[in-house]
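First comes the structure, then the notes that go with it.
The values are calculated or read from the model by the stated rules, or taken from the named source; none is laboratory data. Every value quoted in this text rests on a predicted model; they were computed, and no experiment measured them. Cβ: placed from backbone, ideal geometry, glycine included. Neighbour counts: every protein chain shown. Only protein heavy atoms, including side chains, enter the accessible area calculation; ligands, DNA and RNA are left aside. Shrake-Rupley method; radii C 1.70, N 1.55, O 1.52, S 1.80 Å.
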Amino acid sequence: NPLFLKEVRSLQSRLPPRQQLLVDERESSLTLEFIQPEYVSRQAVEYRYWVQGLQTTWSDWSSLNNIINFPFLTPGTYKVLVQSKDLFGRITEIHAVEFNVVPPYWKQSWFFALEFLFFMVLVVGSLRLKAVADNARYRLLNRFLAVLTVVLVIQFIQTIAQSNIAIRS
């Protein structure tokens, strides 16, 4: 009997069982369930899996290894290989299931570039207003832009530092 990918589910939804999945980091708690029909006994089939990108070797053979649970996955590409073994020792393998965990938009490089461009526009605008700051009407706007620019630059540096420092628990 062939080995099947029965279902893929996250905490809040079910995903269609396919060979390639795209998962948001906020929904990265995944469960993959595989099944090989066996009519003798439920414990007649044993499974093992290997998650490339997360593990270095195959798991042990077990009748419970048909359900693979990932409580949290960091952004990256993962490949799940699954094998099953029946009572006669025949090994069946399914095509690899690949999934890509993508970070939210505020952790992606295009967002950092837009944020940097926005800061530069604020700095240039602040410098241009400084030239005409003799006028009392623009002085308040100039101070507001200067404070806003400093606060946003600090937030930008903090965001970059936080995304580059990996803290694992």
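Out of the residues in segment 29-45 meeting the condition of being surrounded by 15 or more Cβ atoms within 10 Å (Cβ to Cβ) and among the aliphatic types (A, V, I, L, M), tell me which one is nearest to the chain's Cα centre (by Cα).
Across segment 29-45, the extreme among qualifying residues is Leu30.
How many residues does segment 92-103 hold that are open to solvent by 20 Å² or more (accessible area, probe 1.4 Å) and part of a strand (DSSP E or B)?
5
Among the candidates Arg26, Arg48, Arg9, which residue alone is open to solvent by 30 Å² or more (accessible area, probe 1.4 Å), outside any loop (DSSP other than H, G, I, E, B), closer than 30 Å to Lys107 by Cα and without any contact (Cβ under 8 Å) to a residue 60 or more places away in the chain? Spell out the reasoning first.
Details: Arg26 fails: without any contact (Cβ under 8 Å) to a residue 60 or more places away in the chain; Arg48 fails: closer than 30 Å to Lys107 by Cα.
Only one candidate qualifies: Arg9.
Out of segment 69-86, which residues are assigned to a strand (DSSP E or B) and either surrounded by fewer than 18 Cβ atoms within 10 Å (Cβ to Cβ) or at pLDDT below 90 (or both)? Give the derivation first.
Of all residues in segment 69-86, those assigned to a strand (DSSP E or B) come to 69-70, 76-85.
Matches in segment 69-86: Asn69, Phe70, Gly76, Thr77, Lys79, Leu81, Lys85.
Gly89 versus (1) open to solvent by less than 70 Å² (accessible area, probe 1.4 Å); (2) on the phi < 0 side of the Ramachandran plot: which is the lone unmet condition?
With respect to (1) open to solvent by less than 70 Å² (accessible area, probe 1.4 Å); (2) on the phi < 0 side of the Ramachandran plot, Gly89 is out only on (2).
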